[in-house]
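Structure, as structure tokens:
Bear in mind these aren't lab numbers, they're just calculated from the coordinates by the rules spelled out. Because the structure is predicted, anything quoted here is derived from the model rather than measured. Cβ placement follows ideal geometry from the backbone for every residue including glycine, while neighbour counts extend to all protein chains displayed.
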Amino acid sequence: MKRSILVVDDEMDMRQLLKRSLEPDLDCEVHTAASGEMGLQMLSKQPFDLVLADIRMQTMDGLELLELIKRANPDQTVVMITGYGGIEMAVEAMKSGAYDFITKPFDHDALLIRLEKALERSRLIRENLRLQKVCSDDDLFHGMVGKSDEMQRVFQTIEMVAKTDLTVLITGESGTGKDLTARAVHSLSPRKDGPFVPVNCPTVPEHILESELFGYKKGAFTHAFHNKDGLFQEAHNGTIFLDEIGDITPTIQTKLLRVLQEKEIKPLGDTKSIQVNTRIIASTNQNLEEKMKTGDFREDFFYRLNVLPIAMPALRDRKKDILLIANYLLKKHTAKLKQPDKRLSAELLELYTRRDWTGNIREMENTIVQGILFSSAEEIFPRDIGMKKNDTDDCLVEHAFQELPYKKAKEETLNEFNQNYISHLLTETQGNVTQGARRCGLERQALQQIMRRYGIKADPFRKK
């Protein structure tokens, strides 16, 4: 189904121009309304992905139309059109819920870029609403969520390796779900009724880790007052999960190599070895091949570990799953924290899909929990978790204007930068130009000159 745009403008030439230019270039259907009243009637009969409305119209102006649209459908994406002299009204429109505003006369290529972003917002909202309806426990794969091709391949690999009794090495960045993957392999294996013993290797000092893994005999060292079974014995007939194995020392690597080769352990202070029937699953967020080159990781130990590898993709490499994961985590933690049902705002969804997520799912989970606790309304906004609209804008030229000629791209970049920067500055100072100039390191006259050049006035930012 084609995307749909409703253009509301009382100038027939403008309506015809937008319809003629947007339909082929955005591959969409453009419907037009000659007044705000007509636009509201059309919105009541069918949904539109985007409403593009002029601010200055007879009878019902754009601001009144925006208010009525948002009252009926808060999620509707609305972009306002204004002349150079209407910047104050445009700022007011943004405060009232408009997604963006475009100044006439507008450059066609720049207009297409802005409208594509607005249409993408609408797509995110639709997709999120769909996921809220369909997201259930049936979408989980042993505690993991993912519809992307990358995660479907991981799930298939888990099911395959679980049928065997061979050693598994799970690799991936922190927060990608390596521990859940290990538990899934165990749960699907013939050992599922046996113990699953996780060991967080980096948190245990070397001299303690050896005794924890292999156990010890009475008198093996000071304070060894009795015999103690090691974790390998606890995991007998089950699975031991060596989490972040890349952090263990070569000494422990040597002892674990013996376990992999001989299927036996020797407790500290004992002269005899003990046979163990334990499957080993290991994980790491490090590049073990690089550690082998430096001598920090034994090559023979690596090849004994890396029999069945599972590589966990980073969240940035499976962006199709972001909304699904976010909704799952939201549902999970609102119940866990005994909070009322909430939903993620369109602004937050947009930031989520564009964010790099260096901490992967764990990082997202932390922001979801913060949002649940800190949001005062039913909707969670970026401000509730300390995010700003430009947190993910790496480079304006790279993202928004790369298709334009250099001079035009530079002009558009400067315009958007100044609009965003000075608007934020005046918002922080509540329209106080002197204080704003002091904050940004400019003379007051220099800041006023920039404001005049870009049509920015301080009045809309002052408290009334």
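Every helix of 4 or more DSSP H residues in the chain counts as -39500 (n - 2.57), and over all residues that averages to -14500 deg cm²/dmol at 222 nm. Ranked by the mean number of other Cβ atoms within 10 Å per residue, highest first, peptides 326-333, 249-256 order as 326-333, 249-256.
Around the amide H of residue 3, modelled in the peptide plane, lie the amide H atoms of 29, all under 5 Å away and 5 or more residues distant in sequence or on another chain.
With the Cα gyration tensor of segment 146-313 giving a ≥ b ≥ c as the square roots of its eigenvalues, does the rule (a/c under 1.5 for rounded; else a/b larger than b/c for prolate; else oblate) give rounded, prolate or oblate? Prolate, since a/c reaches 1.5 and a/b exceeds b/c. Only one residue of 367, 48, 78 has its Cα farthest out toward the positive end of the dipole of the chain, where Lys and Arg carry +1 and Asp and Glu -1 on Cβ, and that residue is 367.
Each of 28, 440, 201 has some number of other Cβ atoms within 10 Å of its Cβ, and from fewest to most they run 440, 28, 201.
Report, as a whole number in µm² per second, the diffusion coefficient that Stokes-Einstein gives for segment 316-385 at 20 °C and 1.002 mPa s using the Kirkwood radius over alpha carbon pairs. All intermediate terms of the calculation are to be shown ahead of the outcome.
Working: Rh = 12.0 Å.
So the translational diffusion coefficient is about 179 µm²/s.
Put simply, the Cα atoms of segment 1-119 extend 33, 31, 25 Å along their principal axes, the longest span coming first. For residue 81, the residues whose amide H sits under 5 Å from its own are 53, 54, 55, 102, ignoring neighbours fewer than 5 places away on the same chain, with H placed 1.01 Å from N. Among the listed pairs 263/320; 407/457; 19/70; 2/70; 45/457, give every one whose C-alpha distance is greater than 31 Å. Pairs exceeding the cut-off: 263/320; 45/457.
In the chain, Rg over Rh equals 1.12, where Rg is the alpha-carbon radius of gyration and Rh the Kirkwood radius from pairwise Cα distances.
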